[in-house]
Amino acid sequence: MKKLTQTIILAALALGAPCTQAVTINKSLCVGSLSKTLYGSSSTGKSVTFWGYSDCGGGGRMGGMGGTATVPGPIMEIGVNDTLNINFSPMGMMTMESAPYNGHTIHLHGADVQTMEDGVPETNGNMVMGDTYTWTPQVGHEGSYMYHCHVHTVKHLEMGMYSAIIVRPRDSNGAFLNRLNFDIATAYDYSQNYILSTVDPAYHTATGDSPVFADYNPSYFLITGKEGRTTSAPAMTLAAMRSKKVAFRLVGLHSTNASFEIKNSSGVLQPFTVYIRDGRALPVAKTVTSLELSPGQRADVIATLPSTSGTWYPQVTYKKLRANADGTYPAYATAYGKVTF
Amino acid sequence: MLKKIGLYVLLLIAQNGAEAAVRNFALHIDNGNLTITGTGGTTLSVWGYGESAGLPTVPAPTLTVNEGDTVNVTVYNHRNALHNFVIKNVTTDATAIAANNGSKTYSFTAPAAGTYVYSDTLNTAINREMGLYGAFIVRPADDSNSAWTGGPYYDHEKVWVVSEMDKPRWNDVASTGGTVATATYKPNYFMINGMGGFDAMMDNNTMIMGTLGQETLVRIVNAGQFSHSLHFHGNHFQVLSINGVRQPLPFEEWDTINIPPMSTAEVIYAINQTGDYPMHVHTAQAEGANGVYLNGAATMIMMH
């Protein structure tokens, strides 16, 4: 009964929101291997093997070309009330781990879908040899989500089987609105996806229930698959107009503590406003100069660029899980982005 | 009939009288063992607080009182080392209880309704890491199923004490009288309520269970030294309080919450669909027992 009431309320909310044209979005994902040369604090690169999702819309299901796997995998943008169907074919290549960790799934993290769509092999109805995953986000669920493999997550997520799903509002013609949600206060001019992740190469070579997985020692720190070790070699770049608004979609697929900050070229922290966390609008938006983002969390934030030209460095500082005696956390490293205006 | 009514009246008086109740607890500090069952499991040497002498538990017994109660906790130290008992943000006496059967009574008035963590704060973090920690719960004075007087109502209540232990470098060393090199801490066991995931995913006192529309208050205590980022499948939860700070209405809704060491949080999880879902720490190594997947900090959400 309560659910019915909820549905009616949600329906009423939907009526109150701009009339949107929902569409069905069909995606086909496959899995592949790739390698990246990473540097961390070393000047010598190290080749690390990853597994990634690929867009194989061309027909990977029957063993055809599986597309090119990437880390992160394809970022999907869908509209509120759209229906996302992901046709997932993990078997285009050899089994990557032995039983019981063979196969792969897609967990729609934060989507709160039915158990059989949740991609968790330990619960009922989730296939590891290929499946379809369906999700229809409702009004009020705009924001950033993530998807990742939920088979032997400690290994498969670390291997790179992750990416973001962005749920966006649509206007009456069905076009995406450049807002975080239907609230006009969340309008932006530019949007960037900052997908946080960390890499411990030992996890990339260990398999099964290895004691290696009891000790996480990341040495590479990524934003959307790139290192961005210095401000002069940023992982993300944006050339924008002055006084415009930039949305940052922060997606926490890392395995350490992390904080997001924006500094100008003088190193001064710049304020930004958090409107959405974990795909739910905050009742009161918060303007801050630093935001902690723990593994699994997401945040949708907006910063307004100054009226005079300059450079900003949005940055993610990855920190250890164990606190110092004073409650602070030692930093591993900082990964940088760059915005010029 | 009259007799029955009289009984009800007496019961009501007794219930209202709970506001001024005196609550006496005894805790005994002893050496013990904590067994993590299932693949990857082990038996850890621990030091714990227990309700009875010689029977320590990890985590320590949950002490539950009502706001305004007079609380007396007598702690007996049966070990041959110094220990103490401090409820963070509640008690302040951190001096040691004498070794070899010394005891001390801590008396205080139960503070604002909420979730607190108690531990032994001596010996750097070693005494705590060895298992001397537990949850202290203050329910509202009227003992209603609300997080605090006038606060949100709930149907069910769970306490999750999250922690971790470094067996080779801390427990094995401290339990045999060695010196723990505290600068290095690489915990290989991660627990909720002293259980690995294989037990906690079947434990009625840990799992969230309910029928459509029911709400569970989850009191989360991180007694470990690592931050723990808890991700709930199936639904978002409302964030009621963080480290004792009650959040303004309407509550924010998240699906992942970070609990720093020695802090607490209270969330309400509502059953809004049917199904079985995991709740697990989203940090790589915290999901396992010495690397064995899912025997770490995880439990289940059963929605029927």
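If both residues of a DSSP beta bridge must be in region A:127-284, then about 70% of such bridges are antiparallel. Counting other Cβ atoms within 10 Å as a rough exposure proxy, the listed residues A:91, B:191 run A:91, B:191 from fewest neighbours to most. In order along region A:315-327, the Karplus-derived 3J(HN,Hα) couplings, from 6.51 cos²θ - 1.76 cosθ + 1.60 at θ = phi - 60°, round to 8, 10, 9, 8, 10, 5, 7, 8, 7, 5, 4, 8, x Hz, and Gly and Pro are given as x.
For residue B:262, nonlocal amide neighbours, meaning residues 5 or more places apart or on other chains whose placed amide H falls under 5 Å from its own, are B:222, B:223, B:224. One Cα centroid belongs to region B:210-234, the other to region A:164-187; the line between them spans 31 Å. For region A:126-154 and region B:130-193, write down the distance between their C-alpha centroids in whole Å. Rounded to whole Å, the Cα centres lie 31 Å apart. Spin-label model, residue A:41/residue B:146: points 7 Å from Cα along the beta carbon direction are separated by 5.3 nm.
Evaluating 6.51 cos²θ - 1.76 cosθ + 1.60 at θ = phi - 60° for every residue in region A:34-49, the Karplus couplings come out as 7, 10, 10, 9, 10, 10, x, 8, 9, 8, 9, x, 10, 7, 10, 7 Hz, glycine and proline recorded as x. Counting charges near residue B:255 (Lys, Arg +1; Asp, Glu -1) among other residues having Cβ under 12 Å from its Cβ returns a value of -1. Between residue B:247 and B:241, B:242, the built amide H atoms are under 5 Å apart, and every one of these is 5 or more places off in sequence or on another chain. Per the Debye calculation on chain B with a single equal scatterer at every Cα and no solvent contribution, log₁₀ I(q)/I(0) for q = 0.08, 0.14, 0.16 Å⁻¹ amounts to -0.36, -1.06, -1.31.
DSSP finds beta bridges in chain B, and of those with both partners inside it, around 75 percent are antiparallel.
When both bridge partners sit in region A:23-172, DSSP labels roughly 70% of those beta bridges antiparallel.
Computed over chain B with a Gaussian network model linking Cα atoms closer than 10 Å, the most mobile of B:51, B:252, B:129 is B:252. Neighbour counting of Cβ atoms within 10 Å sorts the residues B:132, B:294, fewest neighbours leading, into B:294, B:132. Residues A:251, A:284, A:151, ranked from the fewest to the most other C-beta atoms within 10 Å, line up as A:284, A:151, A:251. Remark: region B:157-168, residue by residue, has Karplus-estimated 3J(HN,Hα) of 9, 10, 10, 10, 9, 9, 7, 8, 9, 9, 5, x Hz, where x stands for each Gly or Pro and the curve is 6.51 cos²θ - 1.76 cosθ + 1.60 at θ = phi - 60°.
Largest GNM mean-square fluctuation across B:168, B:248, B:187, computed for chain B with C-alpha springs under 10 Å, falls on B:248. How many angstrom lie between the Cα centre of region B:68-82 and the Cα centre of region B:276-304? That distance is 33 Å.
Projecting label points 7 angstrom from Cα along Cα→Cβ for residue A:230 and residue A:285 puts them 3.7 nm apart. Annotation: amide H-H contacts under 5 Å for residue A:220 (H modelled 1.01 Å from N, sequence separation of 5 or more, or interchain): A:199.
Of all the options B:183, B:96, B:110, the one that moves most in a Gaussian network model of chain B with Cα springs shorter than 10 angstrom is B:183.
Among A:244/A:338; A:245/A:286; A:320/B:158; A:319/B:88; A:155/A:286; A:27/A:286, which pairs are too far apart, with a Cα-Cα distance over 27 Å? Violating the 27 Å limit, Cα to Cα: A:320/B:158; A:155/A:286; A:27/A:286.
Here the simple spin-label model places points 7 Å from the Cα toward Cβ, and for residue B:92 and residue A:237 these points are separated by 5.8 nm. Pairs of Cα atoms under 8 Å, at least six residues apart: use those to get the relative contact order of chain B, whole percent. With pairs under 8 Å counted, the relative contact order is 16 percent. For every other residue with a beta carbon closer than 11 angstrom to the beta carbon of residue B:148, add +1 if it is Lys or Arg and -1 if Asp or Glu, then tell me the sum. Charge balance in the 11 Å sphere: -1.
Taken together, the values in this text are just the output of simple stated rules run on the coordinates, not laboratory data. This one's a predicted model, so the numbers in the text were calculated from it and none came from an experiment. Positions of Cβ are generated from backbone atoms using ideal geometry, with glycine treated the same way; all protein chains shown enter the neighbour counts.
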